[in-house]
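Step one of this worksheet: look at the structure below.
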Amino acid sequence: MSTRDAAPSPALLDASEEVRSDERFDEARLEAYLRAKVSGLEGPMRVRQFHGGHANLTYDIRFGARELVLRRPPLGPVAPKSHDMRREFRALSALAPLFAYSPRPVVLCEDESVIGAIFFVMERSRGIVVRQTWPGELGDDPALRRRMADSLVDALAELHGVDTTRPEVAALGRPEGFVERQVKGWHGRWERARTRDIPVMDELATWLASRIPAPERVSVLHNDYKLDNAMYAADDPGRLVAIFDWDMTSLGDPMIDLGTLLGYWTDAGDDGPRGTGSLVTRLPGFPSRREVAERYGERTGASLDHLPWFETFALFKTAVVIEQIYVRFVKGQTQDERFAALGETVPVLAAAAQECASRL
């Protein structure tokens with residue numbers, strides 16, 4: 001059975017759940033703020049939470065028939081310039097008219113007294129998000145999986161074709177020296193977040209800094225492009241409807257995004273998932289990393305000569321991100337038990353990055 005044959009279940013439609021006890025806020029204060037800033041809100045406010053992500057907190061806010069999504073940074077200290085709600089709001093404001101898969105932003109709140117952090121609100125998109133397991137209701141359909149993957153790659157090529165000379169887009173970042181700043185910045189984040197010594201992480205940072213490829217062009221970068229940041233239509237699951245998590249949007253070498261996608265993508269022969277990715281893409285129908293890269297190259301005309309460097313950087317960066325999440329659990333800054341096992345993932349990712357670097 002597929003969603004084309006019957007109404008999809010709430011679980012398949014990425015439904016919200018009860019808010020975790022340690023991630024609640026003053027709902028009355030939020031309601032007063034939203035009613036003052038957003039027109040057309042009718043009926044009582046209901047707050048629920050989306051539990052799928054690992055970093056930023058995302059809430060389902062409903063007023064009668066109207067649904068909004070609230071995004072805020074995670075609890076506890078966060079790394080400088082990460083989980084940037086201002087950046088995400090600006091990115092969506094610039095891209096929504098130009099890129100069909102950008103959610104529409106509604107309001108940015110910079111008053112931290114409302115819920116305890118800067119946040120923004122956007123219109124809710126509805127559809128299917130494929131996370132750690134393949135939804136059984138979609139059936140064993142290799143052709144559908146191929147369509148999902150192809151539409152994800154094609155959307156990335158489309159994003160990288162957005163005109164970066166438009167003033168509202170040009171304001172999203174400084175492309176000159178972007179990759180160099182990224183390597184230096186993520187090494188610094190590793191130094192601040194590390195909970196134990198993993199020498200290969202420092203070796204990788206040195207290797208990356210010494211081999212930075214010269215950029216061929218400048219594009220809008222999502223910077224966390226992956227399958228579970230994508231939403232597909234409930235009535236046609238092969239059709240992409242939205243891309244989420246734009247808080248690291250910038251301008252720079254588009255191969256950063258392709259490397260990121262490959263860094264999360266699991267091949268049929270892989271023993272386990274890559275980072276916060278899943279094993280889903282090992283299923284029949286999903287293309288291999290090589291096929292993903294080749295399709296992107298065909299759609300954009302981009303050279304893939306330096307792709308192993310970008311994939312290595314993606315794996316290194318994801319290892320740092322996971323350590324940043326894990327250290328919050330170690331320090332008791334979050335009670336989310338999902339984070340307890342993340343510490344074991346970092347050395348695995350570092351080893352994968354080292355193997356990838358050996359191919360260049």
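The values are calculated or read from the model by the stated rules, or taken from the named source; none is laboratory data. Values in this document were obtained by computation on a predicted structure and should not be read as measured data. For neighbour counting, all protein chains shown are included, and Cβ atoms are generated from backbone atoms with ideal geometry for every residue, glycine included.
For A65, the conditions (1) over 30 Å from G188 (Cβ atoms); (2) at pLDDT 95 or above are fulfilled apart from (2).
The set of residues in the range 74-111 being more than 30 Å from V153 (Cβ to Cβ), modelled with pLDDT of 95 or more and part of a loop (DSSP other than H, G, I, E, B) consists of E110, D111.
When the range 20-68 is filtered for residues that are more than 21 Å from E88 (Cα to Cα) and part of a helix (DSSP H, G or I), the ones remaining, listed by number, are S21, D22, E27, A28, R29, E31, A32, R35, A36. Of the residues making up the range 125-157, just one is buried (at least 20 other Cβ atoms within 10 Å of the Cβ), assigned to a loop (DSSP other than H, G, I, E, B) and in contact with a strand residue (DSSP E or B) (Cβ under 6 Å, 6 or more places away or on another chain), namely G127. Residues that are part of a loop (DSSP other than H, G, I, E, B), within 20 Å of A302 (Cβ to Cβ), among the β-branched types (V, I, T) and in contact (Cβ under 8 Å) with a residue 60 or more places away in the chain within the range 197-227 comprise just one, I212. With assigned by TED's automatic domain parsing to the domain that holds R71 and over 20 Å from Q49 (Cβ atoms) as the only criterion, which of A143, A91 stands out? Within the list A143, A91, the selection yields A91. Count of the range 233-256 residues, restricted to those that are aliphatic (A, V, I, L, M), touching a Gly at 6+ places or on another chain (Cβ under 8 Å) and part of a loop (DSSP other than H, G, I, E, B), is 1. One residue stands out in the range 274-309 among those that are touching a residue at least 60 places away in the same chain (Cβ under 8 Å) and within 18 Å of A350 (Cβ to Cβ): the one that is nearest to the chain's Cα centre (by Cα), namely T276.
Does R295 qualify as being at pLDDT 95 or above and either in a helix (DSSP H, G or I) or not assigned by TED's automatic domain parsing to the domain that holds W207 (or both)? Answer is yes for this residue.
I256 passes every criterion in (1) modelled with pLDDT under 95; (2) under 30 Å from E344 (Cα atoms) apart from (1). Among residues of the range 118-130 that are without any contact (Cβ under 8 Å) to a residue 60 or more places away in the chain, those with a beta-carbon under 7 Å from a residue that is part of a loop (DSSP other than H, G, I, E, B) at least six positions away or on a different chain give the pairs I118/E110; I118/E112; M122/P103; M122/R104; E123/P103; E123/R104.
Once the range 165-193 is narrowed to residues that are part of a loop (DSSP other than H, G, I, E, B) and crowded, with 17+ Cβ neighbours inside 10 Å, the residue that is farthest from the chain's Cα centre (by Cα) is P175. If a residue must be among the charged types (D, E, K, R) and surrounded by 16 or more Cβ atoms within 10 Å (Cβ to Cβ), how many such residues does the range 271-290 contain? Total satisfying the criteria: 3. Restricting attention to the range 300-325, the residues that are within 22 Å of T266 (Cα to Cα) and part of a helix (DSSP H, G or I) add up to 18. Screening S278 with (1) closer than 23 Å to D141 by Cβ; (2) modelled with pLDDT of 95 or more; (3) of a type outside the set (V, I, T) gives one miss only, at (2).
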